[in-house]
1. Which one of A:Ser505, A:Ser481 is within 34 Å of the chain's Cα centre (by Cα), of a type outside the set (A, V, I, L, M, F, W, C) and in a helix (DSSP H, G or I)?
2. Consider B:Glu32 against the criteria (1) farther than 21 Å from A:Ile382 by Cα; (2) charged (D, E, K, R); (3) surrounded by fewer than 16 Cβ atoms within 10 Å (Cβ to Cβ): it satisfies all of them except one. Which criterion is unmet?
3. Of all helices (runs of 4 or more DSSP H) completely enclosed by region A:12-125, which ones contain at least 1 residues that are small (Gly, Ala, Ser)?
4. Return the residues of region A:467-484 that are within 28 Å of A:Gly508 (Cα to Cα) and either touching a Lys or Arg at 6+ places or on another chain (Cβ under 9 Å) or modelled with pLDDT under 85 (or both); say none if nothing qualifies.
5. Working only within region A:554-585, note down all residues that are of a type outside the set (Phe, Trp, Tyr), farther than 17 Å from A:Glu527 by Cβ, assigned to a strand (DSSP E or B) and under 32 Å from the mean Cα position of the chain (by Cα).
6. From A:Phe141, A:Phe188, which residue is surrounded by 21 or more Cβ atoms within 10 Å (Cβ to Cβ) and assigned to a helix (DSSP H, G or I)?
7. Would you be able to say whether some residue in region A:454-477 is within 14 Å of chain B (Cβ to nearest Cβ) and over 27 Å from the mean Cα position of the chain (by Cα)?
8. If I filter region A:513-547 down to residues being away from chain B (no Cβ under 12 Å) and at pLDDT below 90, which single residue comes out as surrounded by the fewest Cβ atoms within 10 Å (Cβ to Cβ)?
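The values are calculated or read from the model by the stated rules, or taken from the named source; none is laboratory data. Bear in mind that the values here come from a model prediction, so they are computed numbers and not experimental data. Every residue, glycine among them, receives a Cβ derived from its backbone with ideal geometry; neighbour counts consider all protein chains shown.
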Amino acid sequence: MAIELGHFALILAFAIATASAMLGLWAWRQGDRVGLMLRQGALLQFLLVAAAFAALIQAFVVSDFSLAIAWQHSHSAQPLLFKITSVWGNHEGSMVLWILILVGMGAAVAMFGSNLPRDLLALVLGAQSLLVAAFTGFTLFTSNPFARLSPVPFEGQELNPILQDVGLAVHPPLLYAGYVGFSVCFSFAIAALISGRIDAAWARWVRPWTLVSWVFLTLGIAMGSYWAYYELGWGGWWFWDPVENASFMPWLAATALLHSALVMEKRNALKIWTIFLAIITFSLSLLGTFMVRSGVLTSVHTFASDPTRGLVILALLAAFIGGAFALFAFRASALRAGGLFAPISREGALILNNLFLATATAAVLTGTLYPILLEALTGRTISVGAPFFTLTFGAIMAPLLIVLPFGPFLAWKRGDLIAVTQRLAGAAGATIFVTILVFALSGASVSLAPVGLLLGFWVGFGAIAELIDKAGFGRMSLGLSLRRLAGLPRTAFSTALAHFGVGVSVIGIVAATAWQAELVTTMQVGESREIGGYTVTLDDVSERQGENFGAETARFTVTTPGGGLRMLAPERRLYPASQTPTTEAAIETYGLSQLYLQLGESNPDGSHVIRAWFKPYVTLIWLGAVLMAGAGVLSLTDRRLRIGAPRPAARTAPAE
Amino acid sequence: MKALLTCLFALWLVVPALAVLPDEVLSDPALEARARDISSQLRCLVCQNESIDESNADLAREIRLIVRERLVAGNTDQEVMQFLVDRYGEYVLLRPVFAPHTIMLWGAPPLVLLIGGVAIAVAVRRRQSSADPAPLTPDEQRVLDDLDSAGT
């Protein structure tokens, strides 16, 4: 019964979204009259989809295997948390989660959008509803999550054991919140194009949505990377896999969008480009969600396994992306260019940032799609993997990182490059000094490591230098500087923090790659090995029975260089319901570095294959991402830019 | 329960080995480092986007052993790669060769950078020329003169 109610709620949401889309996109000029209806419609869509989602969760929690997807992707012996996460550990259920976030964003616009001009609000909610209608329709007609089975199976097949992890509880919701959040930017862009009106106020309204989505996407990607790191069992944290690339491309585009929207907000320039980026970002998000799912990305052949679904997905993508770009081509000329500036200026630096980020996005996109296109067109099969991406992506990022610290120092409109270089001299000196020091102490052999470290420290010190300079340390008394520092707007801190985070991540990537120690060996119980100064002793190997798996657990005593003792217990598991083996690595964090132990198979002589890695400063990779996300949150809390704050400006904004 | 567990662990014997195994590792560290470097650039042909260095498939192990065999026999890195390309096709290379059929792959990023750079340069130049204000028309000059004389 609950399942049918959920199904009905989703159908109702589809109907309301369809009606709202038509109302908003056709009657937006009567914004005052339709505005209230659209806002109520957006809230209703949210409540209905939430009800549908709750019905699914309930069915999974009580292991109702009459629900087809619960039977396929859940098992009664799974722990409660994984029963719940199983809801979105499959195509149909994850579509409902995706739509739930989409309508959630729509409802948030309806709630917080009271200060928007009525016609703009009507258009935004109309465009948002069109997205809801399309994807709810897709879910209902091609991937119905509420399909029932008869006769009811006695037991379910289980969720893929690799997915039975807290990661699944956190990673997809974060990632989807990021992807789907950009739908609001997309809807705002469509609204601007249809109404032909766009100004600095538009950039202000879009800003919080871009920031929130970007924060979610940053955390989602970092979380996914850490999950792969500890779950897949060989200590890699980024594989340039098509699925990862699919999430990385919207992030790159969104990072460009954040920066270009800044120019638009402050200087009323780059308007057309910002609209273009808003469309691109959400298009890449759609591509990220759906190309993976249609099977096109992994291989052309799995695509044929469900031709209707794949074709509908491609048609939807073509309709939204193609439609948006057609609208853009048709209407962009109606938007007038804004403020003037010299090439050497804050605007100029931000444009350079956009150029490099756009190129990086293009590189990842071609690398991901090229093999598919080549095979489809000529039948030749090639592989484009990590070595290609690290080479091209690195080559594009290096110049961006070199110029990055200059940006925040340059003045708007017209900057003085020589003066900025002088103000950055301290940061440059610190960078060179620290890099030389690090290499004198460690002596790494990896050829590009010094370059990478230089870049990382340069960006990090540059961010610190920016704050020191803005506060005027060294140019005035200490007390005055401290007061100035405290008085700086939060956005100044968030810029510095985000850029500092970039530097931290770069340092982590370089250090973990250049100084990683690896040990592949066989060990008998009682034997010891040494890695990276740590002594690892295998105490015993035993078997244990988990809730829904059997495991072989190895117990290690780790002696740190300082003499401390730690216990580590990596496992190999077998999930009998799906006959799937997994490895559970044991990871111990020492400061910023990690020791990573993995238990391999056992040999006939009773010895065990053990893999161990010492990964120096590896946590900096994710810490940097967390700093970036934190910077986004900090920027959101800036009083001047809070959603309700620009009200007076909004009223007086000239209609162009 | 004990019996069940024993059964489970017996099943593990058919589960393939994971990534590089101790018995594959060469005694010469320099040669082994080269082997690892080459392995990370070769695709495990039966996996989804994994290098043979990371993969646990039997075929990956086989190729890893071939790589080490060739290295021990004194081949250069290029010769090892070429040997595998001859045997398995260019699909085995994770970094595609630079050739006519991959020109758009390697060319796309520089092309985007170039087009973007030129577009920006043109836009900047156009803006600067339009930024120079047009000289005042005689009418405007007259209005200005009137204001000036009224002010004094």
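1. Within the list A:Ser505, A:Ser481, the selection yields A:Ser505.
2. Against the list (1) farther than 21 Å from A:Ile382 by Cα; (2) charged (D, E, K, R); (3) surrounded by fewer than 16 Cβ atoms within 10 Å (Cβ to Cβ), B:Glu32 comes up short only on (3).
3. Helices (runs of 4 or more DSSP H) meeting the threshold: A:31-61, A:68-73, A:91-112.
4. Within region A:467-484, A:Asp469, A:Lys470 qualify.
5. Scanning region A:554-585 gives A:Glu571, A:Arg572, A:Arg573, A:Leu574, A:Thr580, A:Pro581, A:Thr582, A:Thr583, A:Glu584.
6. Among A:Phe141, A:Phe188, only A:Phe188 is surrounded by 21 or more Cβ atoms within 10 Å (Cβ to Cβ) and assigned to a helix (DSSP H, G or I).
7. No, region A:454-477 contains no residue that is within 14 Å of chain B (Cβ to nearest Cβ) and over 27 Å from the mean Cα position of the chain (by Cα).
8. Step by step, filter region A:513-547, then rank; the result is A:Glu547.
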